[in-house]
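A.B. asks: Sharing a structure here in structure tokens format.
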Amino acid sequence: MPTELEPPRPTRKRSGTMHRAWRVVWWFWLFCAVPTAWAEQVADEPMPFGQVVNLVAVREVTSAPPAALLATLRRWGLEVMRVPSPAPSAPANPLLERLPVASADLLRRAEFQDGYEGRLVCRDEHLPQRLDLILIRDNAPTYTLLHEFVHAVVKPVCPAGSEDPVIEVRFNTAWRRLTFFQRRLYDDPYHLLDPRWRRDILSAQTDVAADLYDRIRFGQSQEAIAEKLLQRHITQGSPYFDAARREQGRAYAEAMIDNAIDLFNTLEASRRFVGETVQHLLQTLRQGDVEPAPTDRLTEADVQEVAAACEAVARQMTPTRQALEELKAFQRR
């Protein structure tokens, strides 16, 4: 048996034409065998807050001529319905005039408010055959229609455990509790001597922190991402270019990011205030500078418990902090 690698055996020289033909066949087979998942990976661009956007869809829709736009949207799984303006402030968009009109019941169920120009309504899980739906004002610019389309092609890499509407209701409820308790604590920090006040504010902080990432993900981050992508793909020369609407979109995206940062900072300020205040209150109790009420109780163990709860909230907030930094960098690019 050979102890070394043997050189390759000589073979007859292949015909150049035949070799090229086999090479074409091989590449054709390879192309056909590419998995769908790989193709989707190429089309999807990562976005802040663990989301991806189908750039193939964005490029195709934003480059479609106006006469083919609605058909192109439908090919990407979107239906469009028109919402009449109660008091038109601008001329009707001729591109939208032949669209079916959304019923009052549909507008009610979609929570389409009077101040809205457009809204994406995802397909109902109980009606799987129905397409995702864009509701659009009859006098809205086409740029707004495209904004709602971008929402439809943004998707989370790791879907949240609950549906977005459930998260929104839960977060809004927790946020109201947080701001209610925190305002009163700023007015009178001595409330934190009462275990019930500590329990309530810490519970509200924990609940807000639990859903803060996802609430910003499907809210402020998607609004900012949609406007930034439209700025990239709709430039001068495009039939959809609208300088005024483009500038409004840029300002809107920045406002959304600022609002998300405000949410984060409000929770962070509350967390720090509670943790630092209970430490100070324990010192005042020990020094006899305050007369506790019958319901007040604060010990070293209580302070440590509050500190642990505040630290747990800080850990929950870390992914949101990182994603906000990514979102700010994305907006600057």
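A.B. asks: Can you tell me which of (1) outside any helix (DSSP H, G or I); (2) buried (at least 17 other Cβ atoms within 10 Å of the Cβ) is the one LEU146 doesn't meet?
C.D. replies: Failed condition: (1).
A.B. asks: If you don't mind, another one. Go through region 282-311 and count every residue that is open to solvent by less than 70 Å² (accessible area, probe 1.4 Å) and either closer than 20 Å to ASN265 by Cα or in a helix (DSSP H, G or I) (or both).
C.D. replies: So the count comes out to 11.
A.B. asks: Does ARG82 meet the test of being among the basic types (Lys, Arg), open to solvent by 90 Å² or more (accessible area, probe 1.4 Å) and either farther than 24 Å from ASP164 by Cα or assigned to a loop (DSSP other than H, G, I, E, B) (or both)? Spell out how you get there, then give the answer.
C.D. replies: Details: among the basic types (Lys, Arg): yes; open to solvent by 90 Å² or more (accessible area, probe 1.4 Å): no; either farther than 24 Å from ASP164 by Cα or assigned to a loop (DSSP other than H, G, I, E, B) (or both): yes.
No; evaluated as a whole, the condition is false for this residue.
A.B. asks: Let me ask something additional. Of all residues in region 90-108, which are over 17 Å from TYR143 (Cα atoms) and exposed (fewer than 11 other Cβ atoms within 10 Å of the Cβ)?
C.D. replies: Across region 90-108, the qualifying residues are ARG98, PRO100, SER103, ALA104, ASP105, ARG108.
A.B. asks: If you don't mind, another one. Checking THR142 against (1) in contact (Cβ under 8 Å) with a residue 60 or more places away in the chain; (2) over 23 Å from the mean Cα position of the chain (by Cα), which test does it fail?
C.D. replies: (2)
A.B. asks: Here are some conditions: (1) assigned to a helix (DSSP H, G or I); (2) among the small types (Gly, Ala, Ser); (3) in contact with a helix residue (DSSP H, G or I) (Cβ under 8 Å, 6 or more places away or on another chain); (4) open to solvent by 30 Å² or more (accessible area, probe 1.4 Å). ALA314 meets all but one. Which one does it not meet?
C.D. replies: (4)
A.B. asks: Additional query: Please indicate, with yes or no, whether at least one residue in region 282-298 is at pLDDT 95 or above, in contact with a helix residue (DSSP H, G or I) (Cβ under 7 Å, 6 or more places away or on another chain) and among the polar types (S, T, N, Q).
C.D. replies: Taking every residue of region 282-298 in turn, none turns out to be at pLDDT 95 or above, in contact with a helix residue (DSSP H, G or I) (Cβ under 7 Å, 6 or more places away or on another chain) and among the polar types (S, T, N, Q).
A.B. asks: Just give me the residues in region 192-216 being of a type outside the set (Val, Ile, Thr) and open to solvent by less than 10 Å² (accessible area, probe 1.4 Å), in sequence order. Spell out the reasoning first.
C.D. replies: Filtering region 192-216 for residues of a type outside the set (Val, Ile, Thr) gives 192-200, 202-205, 207, 209-215.
Answer for region 192-216, where residues must be of a type outside the set (Val, Ile, Thr) and open to solvent by less than 10 Å² (accessible area, probe 1.4 Å): LEU192, LEU193, ALA204, GLN205, ALA209, LEU212.
A.B. asks: Considering GLU223, GLU227, which residue is surrounded by fewer than 22 Cβ atoms within 10 Å (Cβ to Cβ) and assigned to a helix (DSSP H, G or I)? Lay out the reasoning, then the answer.
C.D. replies: Details: GLU227 fails: surrounded by fewer than 22 Cβ atoms within 10 Å (Cβ to Cβ).
Exactly one residue qualifies, and that residue is GLU223.
The values are calculated or read from the model by the stated rules, or taken from the named source; none is laboratory data. These numbers were taken from a predicted model, which means no experiment stands behind them. Cβ: placed from backbone, ideal geometry, glycine included. Neighbour counts: every protein chain shown. The accessibility values were calculated without ligands, DNA or RNA, using every heavy atom of the protein model including side chains. Shrake-Rupley method; radii C 1.70, N 1.55, O 1.52, S 1.80 Å.
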